[in-house]
Amino acid sequence: MMRVRGLARLARSGYARGQWVYSSLGSGESAPLLLEHSSHFRNPLQSSREVLSCRVIYSWVSYAISTVGEQVQLQSSSAIEEQVDPFSLVADELSILADRLRSMVVAEVPKLASAAEYFFKLGVEGKRFRPTVLLLMATALDLPIQRQTTEAAVNALSSELRTRQQCIAEITEMIHVASLLHDDVLDDADTRRGIGSLNFVMGNKLAVLAGDFLLSRACVALASLKNTEVVSLLAKVVEHLVTGETMQMTITSDQRCSMEYYMEKTYYKTASLISNSCKAIALLAGQTSDVSNLAFEYGKNLGLAFQLIDDVLDFTGTSTSLGKGSLSDIRHGIVTAPILFAIEEFPELRVIVNQGFEKSSNVDRALEYLSMSSGIQRTRELAAKHASLASAAIDALPENGDEVVQRSRRALVELTHIVITRTK
Amino acid sequence: MMSVRGLARLAKSRGRWVYSSLESAPLLLELPSHFRNPLQSSPQVLGCRVIYAWASNAFSTARQQADLRSSSAVEKQVDPFSVVADELSILADRLRSLVVADVPELASAAEYFFKLGVEGKRFRPTVLLLMATALDLPIQRQTSETAVNALSTELRTRQQCIAEITEMIHVASLLHDDVLDDADTRRGIGSLNYVMGNKLAVLAGNFLLSRAFLALASLKNTEVASLLAKVVDHLVTGEIMQMTTTSDQRCSMEYYMEKTYCKTASLISNSCKAVALLAGQSAEVSNLAFEYGKNLGLAFQLIDDVLDFTGTSTSLGKGSLSDIRHGIVTAPILFATEEFPELRVIVNQGFEKSSNVDRALEYLSMSSGIQRTRELAAKHASLASAAIDALPENEDEVVQRSRRALVELTHTVITRTK
């Protein structure tokens, strides 16, 4: 990681155009990783020879970056679609943000640090998914620099904008973790006085307090951006998170079997945060409402695809066979897309769903029906559809000749592949 | 109430809100002596009451905008709550519509404390609406009347919005506090966590907060947004301070006042300031509004602390004693520990044993803790009053009356018995 930081610092000073240069250093590690990628990641238009030479060029470039330490001229390989590891592109920036968040909590409210395990909870492939999306989106939406402005002014504006966009990423994480604390730690049952162990009760209180702390800090940070439209967007996100969780808590038997209800709940619980914060990034960048809506569509479809695959993985785990996943959704009585699709094919499954899944025999029967149905398949297809809608949103963004911008856009497209091909 | 509305509508044609305190006349006659302006002599006081009762009668029969200048020589008493009662019920309706949710259980939870009968004393909105009137800038005569009307109404609506936002934030914090305190009741009914569970109560609080911020964003004033965001931060900080005190901090008056500012006064002070900012007032005036709110809030809480020990009587131990039973050490005890260091030992032991509660009450009764708390409250109340007196001159009778009402409140908070 040291070398990455070094390059970023050099790039910051030497890069008079005020843009952030990322490299995927530690790329000693990532180059082999690229070579192991399965075939989905290749641009289907490439011939095998091109693919091979692309990989060769890419590893050379990575090596060049690590030894020479200069701003990389990527135009040499612009004719060929390079593969980018989206997470590495922003890893350095992200670790600064994560440290900032973590140290703020520890410094100001040490007693809440025990609830801090949630702050370190990592998502897709062990990476910080949401902030990654947002930072990539920030770069992808960089408006072309006006040549008349002085370089110093450009630098100042660029880094101020970047700081504001990083702030969106931080706010998003704070809201996300606060909702985890309030949703996951508190139990759903009526907790009357006297019931429950002290630890359990204290755990609840810490969770409420820690969540409140994060939410209040998010509010302050939000207000400091001095953009009331962005405040509206993120306020709506909080409302949606609450709505989604309540929808889940208070679901009736009819609603439990409704795909429409499920997708609405999923939008509120998962996709709204990413979609609205992508839009906020676009607004801060001064983009038009058309472009802001494209950013929104990307986030929304990416989020939906993400959740649908999450649902599948809960059944399949890292294998392709059923029942190898943790089955935690179904055991908690949460009915997800694969089961909902299966119900359409096997109405008798609805009866089992209505009975609930406290008895493991019902879980087994449901899995049987699921395996007979095309539930898993159809869920994957739906996820793929949303993933390609997300990808299309990026392709629809206004032209931008800048290589760094293009690379971030490629990374965003890469993510739409990763969310549907991941196995955990 | 009908005649109040009628009068208000008639008065609106001049682009101003005119309030009257019709029903409140009998109430005024019953007020104890603290409420009188101490500079008044008794015949004047009597004369004042007679004049006031006549004036009220004149309103209800004449239905005209009262020319109050005839009695301007004598300080008239106003019942602050009646002055804004009509507007408050408009606010209550609007609030109920602002917190509507789609999911039925969430809707029930969110509106729980906004329903008729459980809105509480609505102390904060009263202060804010009075402040809004009190800070009314003199109308420029050049502007056309319709323009003036439109601007006035729009400003008023925005200031009412601050009152609504404040209530939403306040109730959100109540919902969470009740979860943290395991409270059973609130405002005379079951607490939301008791009735619908902890999780729903927490979620409802978050929901109200999100609606508050949505309303805040609609005001399109980033300074006001920052002020209210700061309030939310303070509320949480105050709660954290309360839940994580060390034994040194527990006996520290300074820590206690800071915590009290965060938990109680910050909301009123910063929303008063927001009302001033929306009115386009200068920074100095906005700060005076802030100081009023802050000192009023602190005075309010200090008397709350006393009442928890004394209740409606003047003797100790008749109050609910709920603070001390929850291990919350308040100003009277803190003053008492200054006189009786051995009380500090008991405080550090905690108050789970009722014998410790009894011993603490003994020390408290021997000390001048209650007395000193009342004195501190009075000091803050008069600072609040001074802030109003420092406001820039404004001849308008309606403005003056609101200012008098605000000063009245500084008396009410320290003389109330519940």
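Laboratory data are not the source of any read-out in this text; all were calculated from the coordinates shown. From a predicted model like this one, the values you see are computed outputs, not experimental measurements. In this analysis, Cβ positions are derived from the backbone assuming ideal geometry, glycine residues included, and neighbour counts consider all displayed protein chains.
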Counting other chain Cβ atoms within 10 Å of each Cβ in A:248-256 and taking the mean gives 2
Within 10 Å of the Cβ of an average residue in B:188-200, the count of other chain Cβ atoms is 4
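Based on the mean of other beta carbon atoms within 10 Å per residue, what is the order of B:407-416, B:162-171, most packed first?
Result, highest mean first: B:162-171, B:407-416.
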P(r) of the range B:254-397 over all Cα-Cα pairs, 10 Å bins starting at 0, rounded to whole percent, reads 12, 36, 27, 15, 9, 2
So, with points 7 Å from each Cα along the Cβ direction, the B:LEU116-A:THR163 label distance in nm works out to 5.3
Mean Cβ-within-10 Å packing, highest first, puts peptides B:200-208, A:281-289, A:326-334 in the order B:200-208, A:281-289, A:326-334
Quick note, the range A:356-416: a/c under 1.5 would make it rounded; otherwise a/b > b/c is prolate and the rest oblate (a ≥ b ≥ c, C-alpha gyration tensor); here it is prolate
D (µm²/s, integer) via Stokes-Einstein for the range B:175-232, Kirkwood Rh across alpha-carbon pairs, 4 °C, 1.567 mPa s: value 103
Kirkwood Rh for the range B:121-245 from C-alpha pairs, in Å, is 16.5
Between B:SER354 and A:ILE96, the two model label points (7 Å from Cα along the beta-carbon direction) sit apart by a distance in nm of 6.1
Across A:227-236, the residue-averaged tally of Cβ atoms belonging to other chains within 10 Å stands at 5
